[in-house]
1. With a cut-off of at most 10 other beta carbons within 10 Å, and DSSP calling the residue loop, which trypsin sites (Lys or Arg not before Pro) in the range 780-867 qualify? Please list them.
2. Give the relative contact order (percent, whole number) for the range 634-727; include only Cα pairs under 8 Å separated by 6+ residues.
3. Taking the Cα centre of the range 171-214 as origin, sum charge times position over the Cβ atoms of Lys and Arg (+1) and Asp and Glu (-1), and report the length of that vector in debye to the nearest 20.
4. Classify the range 42-104 as rounded, prolate or oblate from the Cα gyration tensor: take a ≥ b ≥ c as the square roots of its eigenvalues, call it rounded if a/c is under 1.5, otherwise prolate when a/b beats b/c and oblate if not.
5. Rg to Rh for the range 422-562: what is it, with Cα atoms only and Rh by Kirkwood?
6. With the Cα gyration tensor of the chain giving a ≥ b ≥ c as the square roots of its eigenvalues, does the rule (a/c under 1.5 for rounded; else a/b larger than b/c for prolate; else oblate) give rounded, prolate or oblate?
7. At 1.4 Å probe size, what's the solvent-accessible area of Glu588? Round to the nearest 10 Å².
8. How high is the FRET efficiency between Ala291 and Lys694 when r is their beta carbon distance and R₀ equals 45 Å, given to the nearest 0.05?
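The values are calculated or read from the model by the stated rules, or taken from the named source; none is laboratory data. Bear in mind that the values here come from a model prediction, so they are computed numbers and not experimental data. Don't worry about glycine lacking a Cβ; one is built from the backbone with ideal geometry, like all the others, and counts go over all protein chains shown. Just so you know, the surface numbers come from the protein's heavy atoms only, side chains and all, with ligands and any DNA or RNA stripped out. Shrake-Rupley method; radii C 1.70, N 1.55, O 1.52, S 1.80 Å.
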Amino acid sequence: MAKYVYSFNEGNKDMRYVLGGKGANLAEMTKIGLPVPFGFTVTCQACNKYYEDGKVVSDDLVSEIMAKLEELEAVSGKKFGDPDNPLLVSVRSGAPFSMPGMMDTILNLGLNDDSVLGVAKLTNNERFAYDSYRRFIQMYSDIVLEIKKDKFDKIFDGKKAERGVEFDVELTAEDLKEIIEDYKKLVVAEIGKGFPEDPKDQLMEAVLAVFRSWNTERAVLYRELNNIDSTLGTAVNVQEMVFGNMGDDSGTGVAFTRSPSTGEKKVFGEFLVNAQGEDVVAGIRTPQPIAEMEQTFPEVYKEFTKIAELLENHYKNMQDMEFTVERGKLYMLQTRDGKRTAQAAVKVAVDMVDEGLITKETAVSRIEPDQIGQLLHPKFSDADLAANEAVAKGLPASPGAASGQIFFTAETAKAAVEDGKKVVLVRAETSPEDLAGMVVAEGILTERGGMTSHAAVVARGMGKCCVAGCSAIKIDEEAGTMTVAGNILKEGDIISIDGSSGCVYLGELEMVAPDLSNDFAQIMKWADEIRRLKVRTNADTPADAAQAVKFGAEGIGLCRTEHMFFGEDRIKAMRRMILADEESERREALALLLPYQKSDFKGIFEAMEDRPVTIRLIDPPLHEFVPHTDEEIQVLADEFGLDFTKLKHRVSELKEFNPMLGHRGCRLTITYPEIAEMQAEAIIMAAIELKKEKGLEVVPEIMIPLVGNVKELAYVKKYVVETIEKVFEREGEKVDYIVGTMIEIPRAALTADEIAKEADFFSFGTNDLTQMTLGFSRDDTGRIIKEYVEKGVFEEDPFQSLDQTGVGQLVQIAVEKGRKVNPYLKLGICGEHGGDPSSIDFCHRVGLDYVSCSPFRVPIARLAAAQAVVRENSNAEADK
Ligand code: PEP
Ligand code: MG
């Protein structure tokens, strides 16, 4: 029979798919002898079985849980519901991957009218016992019985008002007993039966509630956002309670072994005296920094820092821990690899290599490639920071900068973003219900909560700027205002927040590109040492090319020449060329374009120095260039002395129903070879002039687009080569060059062996290849694909992440067929997928020579290419 329940001393850290992350780590900490309250874990498979069986719990599972409960009673020496020595437990969810704040937790389970007496006796604190009991009823009713929390708050606040007291602690044990009676009446009124008194019933219902919480709307959304498999299920951890709220010698806290924000090597976290764990995480009370614990509890602090170090060395990773101190004794309640900002991830990885804890391969594989994007994100300019005084300062919860209009609820924020506005979400504190608003906001500002509050943790995970616990702001949600430093801001007013300093500014501040740290350079250096794939960039201007070189680009994989025709003078000449009736007219217009092209190419070659540059011959969907309005046609007619009616007729002749599949790419140069001639001349002249003027040896790679048949390639190539030969003769100077093609039409991939005979290189144009293989128009399908992804029909947008099974197969076929004919064929990719980490992994596996992507994604691609090697090696290791 399958085993569905494990005691903490039966598992280990490698069992996360069985025990969930939390359960596996509780088992591991138990195994290595740390002070962990005993308990057991109901497995993820039990949760899945519950769903498979139509949301029913089998008798076998009930008996297994009951047997483990007996064991727990024996170990703790306490009994469920015992009026003398009662066992109380916490019930917590724990999926294989952490889903912070997404699932529900129940504390103090086991309390009833009998056991509360036991707690009162044992603690000699009746007030504490009844306060725990009323908290339990409220929490359990909320999570298990689904009775809204505010109904209980009303009773509680009503009692405070009746007694004329301001603070919760001023209520006496007798007041709390009355509150409990009222709570119970509320439960009967709400669900038609009494609050469950039998702790075993409480336990089974709580386990079920955790199973159910796997499929709440917010859990489903979180999984979608974080690509977590929805079939994993959650485990349930049942653990003997320890109390951080037993007085001033007790407390609770959360801490990281290093700063999750900067990566600094120092125990970093927060601590609350006389409080229960949820008070810290929920951000309801603002806790004190962990360092202050050294004064409050010196012995415990010493033990805790020792354990922190031990855990970090044991897991060889930065840990995020939860603990409780009960009457001076420390208990560890959780440890897991800590989530961290990109900046912290990079610093921690580099430091750990220096400390000899991990290898550089591990360091490189620890950084999420997409996180690198965060480091490259803009921050506020120094000038604007100097010129603007902060109106408030909160905690620097997640670095970065954001400016936008303020909105006070997730709904209004979302609506504003749909209206095209940039939004900063401002909340008293956030909860999982705010997730949708946080996703769309530029940044998040909260009035309450610490560095480990929901807002801080979630924003960091998203790589989004966040200032938390900014008590200098006062939000009046109802009035739709926020008061700060004497200013009353309304919904829609603009503020700027700096997640690295915690500062809040009025108005919009200028953003600039960030400086990259030495640690970042070190990670990139290691990535470069490890990776096999080269990384090029897609760039059409010298400025983009220079930016990409700064980010480590090793060449240009795609220069889209049609993008060079958008300047005011150029577009006119371009239109004139497209609309010309006769070849001679076309040549006249082309003669106007030639100098522009040549100087553009010279600029790009110079920026790239001796790096390879692939220049693609013109590939415009024609509709992007023809004039649309009568005014535009008139301007053209006037400029070139043409007849308006004739010109208008020509425009209508050129209209295409499906321009993406129309007269573009090599089709255009087959119709008008003089365009290819002009471009070939401009490219080669640029190279010759640089050779003569600066001694720069450029080897242009001339790329012919949208080829589906080798004859198309041969046809255009002939004009290119003949033109170049003529230029060599005329100039009395030669340069090396190569001619290749895009593989972006399925037929080209399937006949790659024929095409390879005419090509020195292939560059996979996976944008068009995806469009034509899937039959989804690149330009029209955004909405459809979004819906597909939402409905789970597609896992990902195939225009963002390569469809490896379909389109990938064509790439693979082309690689094999091409290399068979020409083993030296250079192979690259220049579709958008060239900057997508999982597509890069694919490119590595199929043996491409390089990927090419936009400048800002170059560092991401360098890292992803290195990770592909590390992954390949560890898979090979596993296969041995
Ligand atoms: C492609 O199709 O993948 C490509 C890079 O070309 P373009 O996006 O310019 O069509
Ligand atoms: Mg294309």
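1. On the way: sites: Arg783, Lys786, Lys791, Lys817, Arg819, Lys820, Lys826, Arg845, Arg857, Arg862; in loops: Lys791.
Those that pass, being in a loop and sparsely packed, are Lys791.
2. Normalised by residue count, the contact order of the range 634-727 is 31 percent.
3. Roughly 260 debye for the range 171-214.
4. oblate
5. Numbers: Rg = 20.2 Å, Rh = 18.1 Å.
Value, to two decimals: 1.12.
6. It comes out prolate by the Cα gyration axes.
7. 120
8. Efficiency computed from Cβ-Cβ geometry: 0.15.
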